[in-house]
Amino acid sequence: MARSLTPVLTIAASLTLALAAAPAAGADAGKGAAARAVTYEATARFQHHPNAVKAGYVPDKYCVVNKEGPGALGYPHFNHALDNSVDPAKPAALFYEDDGRGGKRLVGVQWLVYDRDQNLATDDDRPRLFGTAFTGPQRGHFPGQPVHYALHLWLWKKNPLGAFETYNPAVTCLPGTTRPPK
């Protein structure tokens, strides 16, 4: 069954206008709200999962759970051509969850920036976006991934812990969808 993107685009446009027009507590807050509106608008088309794949986001077949507590990331989709982007319209990763109908629903996004000196003990190059510092530096999560900084944004599904937390306890992985233990 084909779904129309009209409601999603209408919501994204409304949020863009509301966030851009909202009074800000300070310059960073205003910039952060405007940047978030840009992210809503830029990622709205990825609500339709095939659009993300066509745009170069490669799906991981496994759902990622938080091994240290509640919640999950969902299914990451990376576009490594966008690594090192701090453009709010160009996240390096999209996160999806199962929609209960055999499809995927976009829930969050992530930016990933490589650490300049690849030293976990220094952080003088920590990037910021939306007035928020990236987490890290942290080791790569797969062979060949450099030491990096990351910023998650739960834009399409509310995270009760906060919009920029790494894991979202409102996101779950279905049984049998997570990476088997080594």
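Throughout, read-outs are computed from the coordinates displayed, never taken from laboratory work. Since this is a predicted model, take the numbers as computed values, not measurements. So basically every Cβ, Gly included, is an ideal-geometry build from the backbone, and we count neighbours across all protein chains shown.
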Residues whose modelled amide H sits under 5 Å from the amide H of Thr178, counting only those 5 or more places away in sequence or on another chain, are Cys63
Can you tell me which of 152-158, 139-145 comes out highest on packing, and rank the rest after it, using the mean Cβ neighbours within 10 Å? 152-158, 139-145
Total formal charge among the other residues, if their Cβ is under 12 angstrom from that of Asp60, Lys/Arg +1 and Asp/Glu -1: +3
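Just order 170-177, 77-84 by mean Cβ neighbour count inside 10 Å, highest at the front, would you? Walk me through the numbers on the way to the answer.
Values: 170-177: 14.8, 77-84: 17.1.
Averaged packing, sorted descending, gives the order 77-84, 170-177.
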Rg/Rh (Cα only; Kirkwood hydrodynamic radius) as it applies to the stretch 41-182: 0.95
Apply the Debye scattering formula to the stretch 99-182, with a single equal point scatterer on each alpha-carbon and no solvent, then give log10 I(q)/I(0) at q = 0.13, 0.24 Å⁻¹. -0.54, -1.16
Under the 7 Å Cα-to-Cβ spin-label approximation, His80 and Arg179 lie apart by a distance in nanometres of 1.4
